[in-house]
Every structure is written in C-alpha cells, then in structure tokens.
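Okay, so here's the structure we're looking at.
Just so it is clear, none of the values below were taken in a lab; they were calculated from the coordinates. Computed from a predicted structure; not experimentally measured. Cβ coordinates were reconstructed from backbone atoms using ideal geometry, including for glycine residues, and neighbour counts include every protein chain displayed.
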Amino acid sequence: MFGRIAPRYDLTNRVLSVGIDIYWRFMLVRAVRRVNPRFVLDLATGSGDVAFAVSRGLPGADVLGMDFCAPMLVEAEAKKRDRFPRVSFRQGDALALAIPEQSVDAVTIAFGLRNMADRALCLAQIFRVLKPGGNLFVLEFSQPWPWVRPFYNFHLRHIVPAVAGLLTGDKGAYDYLAASIGAFPARAALSQEMLSAGFTGVRATAMTLGIVALHTARRGPAVS
C-alpha cells in the first residue's frame, strides 16, 4: 500500500495536514536535541522527512533511516542527494531489527508505530537496540479532545480519503489511515505499553487539540 502511494506521499501529507506536519516534526526534533544523541535510528522513515529534520537539528549526529517499504526509500534517496552526508537509509523490519544490541543513542518513529503488526514486539526491538540511558521518541496520531472528536472523525472518514484519492489515485490507502487512527490506543494506554516494554520516564505531550502526541521514554541505565 505504501509502495503504491510513495511518489505522491509528501505532497499528500502537506495538503492533508495543511502544513502542520512541519510543526510536529519541529517539536520532535526539539525534544531529540535536548538529549544530544550521537547516533539516531529513525524507524518507519518513509520518504526521510524526519531523518533529514533530525540531521538539520543535530548536524553532528549520524542518522540511519530504516523502512520496510523499498519504494519509500527510493523517494528518500532521491531527496537526499548530496545534502545530508550523515544520513543513510537501509531497508529493514522494525519487528526484527538487524542492528546490534545497545548500539543506538536515540530512536525516532513518526506515524509508524501505528502500522506495526505487533507493537509490543516493535517496542521490545527498540528497547534492545537502545543503549542504557538511550531515548525513544514516538510521534503519532492520537485521540483528540472529546469536543473535537465528532468533527475529526467526519474529516478522517470522508474528507481525507476523498482528497487523498484525488492526489494519489489510491483512496483505499487513506481509508486505512482513518481506520488505523481510530483503532490506535489513547495516550495513557500507549504510555502503559511503553512502560510494559521496560521503558522509564514515559511521557505523552498532546498537540493540535490532541490529534497528535509526542511520546518520550528512556531505557534506564544498566544495573550492576
């Protein structure tokens, strides 16, 4: 599905979010900068927007973007050219990361955790590859404030697929978007899943009327 929409993915995101996705990435990068990691793994990197944003915000860090979808990585490489020498891309499965244990300072994943077939396994893999004291940053759709919900649900179910269908020719992909957002856990529930995976310092910050949330967590230091 993501392979089919890859060539028009960025344009569609800008239109559907009315450009607010730029602000969401800014808030993610600002949080990452606070911990100043040297090596960042960006999972579900898609066309690379988060990997590039992290690299701009942390020019001294190495960033590896991974995604299961090869056509998305083609788009990412085309955008990279020679402008981001410390960003690299690799095809990979977030449920079976081919990355050494405790080798990553920070993991980012934007609008990708929702698409994992097994969230618990994905979180376990992230925990495994993070160094003790390493940080996880999850930017994801969430459940909006109650008074917004009826309008938001109408927008997701009717407006988003119609507009995206015109832009990509694939309305079904964005019918999936609405269904996946509706089925995704609220902030407190996702925070509990992260705690169950072993993370500490779990925090969720709602943005844009609760439509999106930034979840942060830490792999605690090793116990001697």
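Highest-first packing order for the peptide set 44-54, 58-68, 74-84 is 44-54, 58-68, 74-84, based on the mean count of other beta carbon atoms within 10 Å. A Förster distance of 25 Å, applied to the separation of the beta-carbon atoms of V148 and S196, puts the FRET efficiency at 0.30.
Near V107, the amide H atoms lying under 5 Å from its own belong to L41, N135, L136, F137; only residues 5 or more places off or on other chains count, and H is placed 1.01 Å from N. Beta-bridge orientation, the chain: approximately 40 percent antiparallel, per DSSP, counting only bridges with both partners inside. Can you bin region 98-224 into rounded, prolate or oblate? Criterion: square roots of the alpha carbon gyration tensor eigenvalues sorted a ≥ b ≥ c, rounded for a/c under 1.5, prolate for a/b above b/c, oblate for the rest. Prolate, because a/c is 1.5 or more and a/b exceeds b/c. Of the options [x] 20.7, 64; [y] 16.8, 57; [z] 16.8, 50, only one is Rg and Dmax of the Cα atoms in Å as computed from these coordinates, and that is [y].
Only Lys, Arg, Asp and Glu carry charge here, each on its Cβ (+1 for the first two, -1 for the last two); on that basis region 112-224 has a dipole of about 320 debye about its Cα centre. Here the peptides 104-115, 205-216, 32-43, 89-100 are ranked by packing, the mean other Cβ count within 10 Å, and the order with the highest first is 104-115, 32-43, 205-216, 89-100. For the chain, the Cβ-based charge dipole about the Cα centre amounts to some 540 debye (Lys, Arg positive; Asp, Glu negative; other atoms uncharged).
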